[in-house]
Every structure is written in C-alpha cells, then in structure tokens.
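What follows is one structure encoded as structure tokens, with my remarks underneath.
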Amino acid sequence: FVDAYSLGNRVWFDSDKNGERNGAETGIDGVTVNLYNENDPTTIIMTATTSGGGFYRFDNLSADTYIVEVVPPAGYASTVDAGDPDTDLDDDDDNGVNFVGSNVRSQPVTLGPGNVEPTGDNNPTPNPDAVNGEAPDNRSNRTVDFGFITSVATSEKQLTATIMMDTD
C-alpha cells in the first residue's frame, strides 16, 4: 500500500493588491491549473479547473516534489508573492513566484513522506473531502494559493519589452 497525497487550494482576486486573501476577496472560477513533477517541469502530469470559489485540488499523488502552475485569466496578472509554500504554511497568501511565459508557478512543493502535511485548514470544508478523493488532512497540503490583480499590462513581478527595428 502506498500513501496517497492531495495538493491544492485557491486562485483569488486580490482587490487590495497585498498578496493576502482578506475577508471579501473572492475566488476566481474557471481558471486552468497544471501540475508538474519538479524533475520534469515541462510535462503536465495533471490539470484541474478552479470551481466553488476558486478552489482546485490534485488527488492520488505519490510522495514527491511538485510545481503548481496557473494559467492566468485574460486581463489578470499575478499579485505580490508570499514565497515558498514548503516553508510558508499559511493558507490565503499568494505563492506565485516563477513565470513561464504568462503562466505563474509556485516554488517546488514537497509532499510526504509520511503524515507531515499542514493540518486544520478548513477552507473549503469539509477537510478532508474524502467523498471526492482527498487524502486525509495530514496528507493533504492546502496551502498553494495564487492571487491575481486586474491588469491591462503586467504585474509588478513581470517585465515587458518593446523591440524596435531602425531601418536607416
């Protein structure tokens, strides 16, 4: 028997642009979230779509290290990040720190081995959501959150460039 793990949580609109989900800030449904193994960050191993208030979750994972990637909705850019989800066990703060094109990725997140994941996170309830395949609380990491702001350009963490060609 191999222990199964779950990984996920929320994509939300950061209306005050501080990198933390506060009271009235709402989740964004319909966002594509991809999962990669840290050893192969070019091959998507699972895809989820946020729902029920911006939540996503990947179930039946083995003890390993993963990277979560969000495909931002049109008109949105990543907000201020809170850092590494392996050392930042807080739920409701932004963990988007790396950019691949316009997509936003987390730092690598290690699951297991053993019953070592953060416990007591009831956002959303129930925890665990065993009926829908979630691993037990101490094998489910619900701390990998991504905040987004509306933007006509890019967020403060992204760079843009204009290349011009002088023909004379």
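The values are calculated or read from the model by the stated rules, or taken from the named source; none is laboratory data. All of these numbers come straight from a predicted model, not from anything done at the bench. Because the Cβ atoms are built from the backbone with ideal geometry, glycine has one as well, and the counts that use them run over all protein chains shown. Surface areas here come from the heavy atoms of the whole protein model, side chains and all, with no ligands, DNA or RNA. Shrake-Rupley method; radii C 1.70, N 1.55, O 1.52, S 1.80 Å.
Scan (1) in contact (Cβ under 8 Å) with a residue 24 or more places away in the chain; (2) within 18 Å of PHE148 (Cβ to Cβ) for the single condition TYR5 breaks and write down its number.
Of everything listed in (1) in contact (Cβ under 8 Å) with a residue 24 or more places away in the chain; (2) within 18 Å of PHE148 (Cβ to Cβ), TYR5 misses just condition (2).
How many of the residues making up the range 74-98 are at pLDDT below 75 and under 20 Å from ASP29 (Cβ atoms)?
Taking the range 74-98 first, the residues at pLDDT below 75 are 81-91.
Add one more test, that the residue is under 20 Å from ASP29 (Cβ atoms), and what stays is 91.
Of the residues in the range 74-98, 1 are at pLDDT below 75 and under 20 Å from ASP29 (Cβ atoms).
Can you tell me which residues in the range 1-24 are open to solvent by 60 Å² or more (accessible area, probe 1.4 Å), in a loop (DSSP other than H, G, I, E, B) and of a type outside the set (A, V, I, L, M)?
PHE1, SER15, ASP16, LYS17, ASN18, GLY23
Please return the ranges of strands (runs of 3 or more DSSP E) entirely within the range 25-71 where 3 or more residues are hydrophobic (A, V, I, L, M, F, W, C). Explain how you work it out, then say what you get.
On the way: elements: 32-37, 40-49, 55-61, 64-71.
Counting at least 3 such residues, we get 40-49, 55-61, 64-71.
For the range 31-46, what are the residues that are under 14 Å from the mean Cα position of the chain (by Cα), open to solvent by 50 Å² or more (accessible area, probe 1.4 Å) and over 18 Å from ASN141 (Cβ atoms)?
THR32
In the range 109-141, how many are hydrophobic (A, V, I, L, M, F, W, C) and either open to solvent by less than 30 Å² (accessible area, probe 1.4 Å) or touching a Phe, Trp or Tyr at 6+ places or on another chain (Cβ under 7 Å) (or both)? So that I can check it myself, show each step before the final result.
Within the range 109-141, the subset hydrophobic (A, V, I, L, M, F, W, C) is 109, 111, 116, 130-131, 135.
Going one step further and asking which of them are either open to solvent by less than 30 Å² (accessible area, probe 1.4 Å) or touching a Phe, Trp or Tyr at 6+ places or on another chain (Cβ under 7 Å) (or both), we end up with 109, 111, 135.
The total comes to 3.
Hey, does the range 77-95 have a residue that's more than 12 Å from ASN9 (Cβ to Cβ), open to solvent by 20 Å² or more (accessible area, probe 1.4 Å) and part of a strand (DSSP E or B)?
No, every residue in the range 77-95 fails to be more than 12 Å from ASN9 (Cβ to Cβ), open to solvent by 20 Å² or more (accessible area, probe 1.4 Å) and part of a strand (DSSP E or B).
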